[in-house]
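Report on the following structure.
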Amino acid sequence: MTERPLRADARRNRERLLEVAMQAFSEQGPDATLDAIARTAGVGIGTLYRHFPTREALIEEVYRAELTRLCEAAPSLLSSLPPDEALRSWMDRFIEYLAAKRGLADALRVVIAAGGQPFAHSRERLVDALAILLPAAGLEAAAADDVLMSLNGISLTAGDPTQRDQAARLLDLLMDGLRYRRTTASQA
């Protein structure tokens, strides 16, 4: 059985609920009230429950929406920027994504405790996005795992807003290292 596509107004309500819930769970953790989320989104609580039958379903979907937004950015960045710039821009988005994920950490623990698996395909989807970006920039797709691990390390610095400049410098350093690797590989 396939789901019918949402009407435009229902899709807007769902997107607005996810946006408001992201902010609420990031700031207040799992204690954010669903009533307040619905009210801030400008919908009734019934509308929230129609889209997300449980608190855990909402939290999990907030996380997945952020992951999807990041992964789906890869092709559009490549179509609008030179490959190196597209990769670097995606890296910036990755750092923002991990900062948001850290803000959701307590809420995600509630989902996991209830048996949810919000991270089931995260790594795979992130590696797939990098596998699009890296070859376009003249780099080996096989480096996707290494790049992902490097980005995770850099993101540890970016968790503190006062360290954003340092994170940007580290991303530039990573890009320089990738360019050097590309140059030495082509000379061999």
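The values are calculated or read from the model by the stated rules, or taken from the named source; none is laboratory data. The shown structure was predicted, so the numbers you read here are calculated from the model rather than taken from an experiment. Here the Cβ positions follow ideal geometry from the backbone for every residue, glycine too, while neighbour counts run over all protein chains shown. What goes into the accessible areas is simple: the full protein's heavy atoms, side chains included, and nothing from ligands, DNA or RNA. Shrake-Rupley method; radii C 1.70, N 1.55, O 1.52, S 1.80 Å.
Please tell me if LEU108 is closer than 22 Å to THR157 by Cβ, part of a helix (DSSP H, G or I) and either at pLDDT 90 or above or in contact with a helix residue (DSSP H, G or I) (Cβ under 9 Å, 6 or more places away or on another chain) (or both).
Numbers: closer than 22 Å to THR157 by Cβ: yes; part of a helix (DSSP H, G or I): yes; either at pLDDT 90 or above or in contact with a helix residue (DSSP H, G or I) (Cβ under 9 Å, 6 or more places away or on another chain) (or both): yes.
Criteria met by LEU108.
Looking only at segment 57-73, which residues are among the hydrophobic types (A, V, I, L, M, F, W, C), within 12 Å of the chain's Cα centre (by Cα) and either crowded, with 20+ Cβ neighbours inside 10 Å or closer than 21 Å to ARG88 by Cα (or both)?
At the first step, the residues of segment 57-73 found to be among the hydrophobic types (A, V, I, L, M, F, W, C) are 57-59, 62, 65, 67, 70-71, 73.
Retained after the next criterion (residues that are within 12 Å of the chain's Cα centre (by Cα)): 62, 65, 67, 70-71, 73.
Selection gives VAL62, LEU67, LEU70, CYS71, ALA73.
So THR40 passes all but one of these: (1) farther than 28 Å from VAL127 by Cα; (2) modelled with pLDDT of 95 or more; (3) surrounded by 20 or more Cβ atoms within 10 Å (Cβ to Cβ). Which condition number does it fail?
Single failed check for THR40: (3).
Identify, by number, the condition in (1) part of a helix (DSSP H, G or I); (2) modelled with pLDDT under 90; (3) buried (at least 17 other Cβ atoms within 10 Å of the Cβ) that ILE132 doesn't meet.
(2)
Check PHE94 against each of (1) at pLDDT 95 or above; (2) outside any loop (DSSP other than H, G, I, E, B) and name the one condition it does not meet.
Of everything listed in (1) at pLDDT 95 or above; (2) outside any loop (DSSP other than H, G, I, E, B), PHE94 misses just condition (1).
Please specify each residue of segment 111-128 satisfying the condition of being in a loop (DSSP other than H, G, I, E, B) and either surrounded by fewer than 17 Cβ atoms within 10 Å (Cβ to Cβ) or among the small types (Gly, Ala, Ser) (or both). Break it down stepwise before answering.
Step one: list which residues in segment 111-128 are in a loop (DSSP other than H, G, I, E, B), which gives 114-121.
Of everything in segment 111-128, those that are in a loop (DSSP other than H, G, I, E, B) and either surrounded by fewer than 17 Cβ atoms within 10 Å (Cβ to Cβ) or among the small types (Gly, Ala, Ser) (or both) turn out to be ALA114, GLY115, GLY116, GLN117, PHE119, ALA120, HIS121.
List pairs: first residue in segment 103-124 and farther than 23 Å from LEU148 by Cβ and in contact (Cβ under 8 Å) with a residue 12 or more places away in the chain, second residue open to solvent by 80 Å² or more (accessible area, probe 1.4 Å) and among the aromatic types (Phe, Trp, Tyr) anywhere in the structure, Cβ distance under 6 angstrom, at least six positions apart or on different chains.
Final answer for the pair search is none.
Out of (1) open to solvent by less than 20 Å² (accessible area, probe 1.4 Å); (2) under 19 Å from ARG11 (Cα atoms); (3) at pLDDT below 95, what's the single condition that is false for LEU48?
(3)
Just to check your reading of the model, which residue among ALA137, ALA129, ALA143 is closer than 20 Å to LEU78 by Cα, within 13 Å of the chain's Cα centre (by Cα) and of a type in the set (Gly, Ala, Ser)? Let's see the steps before the verdict.
Numbers: ALA137 fails: within 13 Å of the chain's Cα centre (by Cα); ALA143 fails: within 13 Å of the chain's Cα centre (by Cα).
Going through ALA137, ALA129, ALA143 in turn, just one is closer than 20 Å to LEU78 by Cα, within 13 Å of the chain's Cα centre (by Cα) and of a type in the set (Gly, Ala, Ser): ALA129.
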